[in-house]
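Data first, discussion second: the structure below is written as C-alpha cells.
The values are calculated or read from the model by the stated rules, or taken from the named source; none is laboratory data. Keep in mind it's a predicted model, so treat the numbers as computed, not measured. Cβ placement follows ideal geometry from the backbone for every residue including glycine, while neighbour counts extend to all protein chains displayed. Remember, those area values only see protein heavy atoms, side chains included, never the ligands or the DNA or RNA. Shrake-Rupley method; radii C 1.70, N 1.55, O 1.52, S 1.80 Å.
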Amino acid sequence: FSSNGNAQQTSNGPFMASYDADGFTLDGSGSNPNDNNVSYVAWCWKFAGGTTATNNVGNVQTTTQANTKAGQSIVQWTGTGTNSRTIGTGLTKKAEFVIIKSIAESASWIVWHHQAKQGALPNDYGVLVLNSSQAYGEGSGALTYWDVSEWTDTVFSVGGANGVNGSSDTMLAYAFHSVEGFSKFGCFNGNADNDGTFVYTGFKPTMLWIKNTQSASPWCVYDTARPTYNPSYLVGWDETTAQNTSSYPIDILSNGFKLRTSNATINSAHTWVFGAWGNPSFKYNNTF
C-alpha cells in the first residue's frame with residue numbers, strides 16, 4: 001500500500017526484491033520505484049530487523065517489532081470493532097505519534113499526534129489523515145478512535161472505528177515517541193512571514209513532516225538528502241504523488257528548523273504539528 005491512498009495491502013507490482021540486513025534490494029524490472037534515470041529518495045527507520053515479539057500487555061494481543069532505544073515500534077493486531085482496546089507497543093515511553101492502517105480493507109491512514117488537540121474535554125482527541133490534506137478533526141465521535149485516558153508508557157488505546165480497529169481486520173500501526181538527540185514530535189505557531197518561526201528540536205533533522213491542524217493543508221515532507229544545503233525545499237506530500245518542488249523553503253539547522261516563506265502551505269498563522277528525526281548522536285553511538 002501507499003501513503004497517498006486508502007487501498008488495502010497488495011502484492012501487485014515488482015517493487016521490492018528483498019529486505020536486507022543493511023538495506024533493501026529493488027526489483028530489476030525497471031518498474032517504479034526503479035525506473036531508468038529517475039531520482040528517488042528512501043526514508044528508512046530501524047525497528048527490530050524483522051524480529052517479532054508477542055505482546056500481551058494490553059487487552060488485545062499484538063505482534064511487535066520494537067526498537068526501544070529509538071522510541072519506535074511496528075505493531076500488528078486483529079481488530080475487534082469495540083471501544084477501549086489497549087494495544088501493547090513494546091515501548092517504554094508513551095507513544096506521541098501513531099499512524100494506523102487496515103491491511104485488510106480500503107481505509108484511510110489514521111494519525112494521532114499528542115499535540116494535535118483543540119477541544120476542551122481532556123480525552124477528546126480527534127484525527128489527522130495521512131492520505132488527506134484535511135484539517136485536524138475532533139468532536140462527539142472522537143472516542144471511537146482513541147481513549148487517551150488509557151494510554152500508558154506501554155500501550156495506546158483505540159476505539160471501534162474501522163480505521164483504527166475494524167472488526168476482524170488485520171491492523172498495522174507505527175508508534176513513536178521523542179528520544180533526546182534523535183527524534184521530536186511537537187507543535188509550533190506559524191507567523192505567515194518570510195522570516196518564519198524557528199522550531200527547536202535539539203538536533204539536526206534529517207527528515208521532517210509538518211502538518212497544519214487548523215486548516216486543510218498538505219503533509220509537507222523535507223529531508224537532507226535532496227538538497228544537502230539550505231534552503232531546503234519540499235520533497236513531497238504524503239497524500240499525493242507530486243514530485244519535489246523548489247517552493248516552500250525552510251532552513252534545516254543544527255538544532256532545529258526555521259521557516260523561510262510566508263506561503264500558507266507551510267506557514268500560515270495557525271497551529272502546526274511536526275515529526276522530526278535525525279542521525280543518532282554520539283550519546284547513542286551504534287546502540288540504535
Fill in the blank from the handout: Measure of exposure for E180: accessible area at 1.4 Å probe, Å² rounded to 10, is 140
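Stretched out fully, how many nm does the piece from Q214 to C187 gain, at 0.36 nm a residue minus the Cα gap? Please report the intermediate quantities before stating the final value.
Values: separation 27, 0.36 × 27 = 9.72 nm, distance 1.22 nm.
Value of the extension gain: 8.5 nm.
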Practice task
Please find the FRET efficiency linking C44 to Q76, where r is the Cβ-Cβ separation and R0 is fixed at 25 Å, and quote it to the nearest 0.05.
Solution key: 0.85
Practice task
Please give the contour-minus-distance gain from S168 to K93: 0.36 nm per residue of separation, less the Cα-Cα distance, rounded to one decimal in nm.
Solution key: 24.2 nm
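Contour minus end-to-end for A269 and S149, with contour as 0.36 nm per residue of separation and end-to-end as the Cα-Cα distance?
Details: separation 120, 0.36 × 120 = 43.20 nm, distance 3.05 nm.
Length gained between A269 and S149: 40.2 nm.
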Exercise for the section: Return the loop-located chymotrypsin sites (Phe, Trp or Tyr not before Pro) in the stretch 38-100 (DSSP other than H, G, I, E, B) with at most 11 other Cβ atoms within 10 Å of their own Cβ; answer none if there are none. Expected result: Y40
